[in-house]
Amino acid sequence: MKTFSQLTTAAALVLALASPALAAEAISGDVKKVDEANAKITLHHGPAKSLGMGEAMTMVYRVKDAALLKGLKAGDKVKFEAVEDASGYTVTKIEKGK
């Protein structure tokens, strides 16, 4: 019984550690607007399953760090990662597409 309990605990720990890595999904999109002063970006993107979005949409995202917006402008193609937290959606990583 002790071994089963240890295995269950180990499995739960592995799942907890792996979940954030699995949740990160590169989402393709187009920049519509960049607001460096308020650390926000407006993006049009396709479905984003990791965020529970099954359809294409345009929305404003906060960015984790305003420095992520440097060099971006309306019309740029990007790939980004975002998370949902208590205050909304936040872009954690973004790079220009090719």
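Out of Gly46, Gly71, Gly54, Gly29, which single residue is in contact with a Leu (Cβ under 7 Å, 6 or more places away or on another chain) and of a type outside the set (D, E, K, R)? After ruling out the rest, the residue left standing is Gly29.
Could you tell me which residue of the range 20-44 is modelled with the lowest pLDDT, considering only residues that are part of a helix (DSSP H, G or I) and surrounded by 10 or more Cβ atoms within 10 Å (Cβ to Cβ)? So the residue we want is Ala23. Picking from residues in the range 45-61 that are hydrophobic (A, V, I, L, M, F, W, C) and at pLDDT 95 or above, the one that is least open to solvent (accessible area, probe 1.4 Å) is Met59. Residues in the range 70-79 include at least one that is surrounded by 11 or more Cβ atoms within 10 Å (Cβ to Cβ) and under 12 Å from the mean Cα position of the chain (by Cα).
The values are calculated or read from the model by the stated rules, or taken from the named source; none is laboratory data. This is a predicted model, so every value here is computed, not measured. Here Cβ is always computed from backbone atoms with ideal geometry, including for glycine, and neighbour counts include all displayed protein chains. Areas reflect the complete protein model, heavy atoms only, side chains present, ligands, DNA and RNA absent. Shrake-Rupley method; radii C 1.70, N 1.55, O 1.52, S 1.80 Å.
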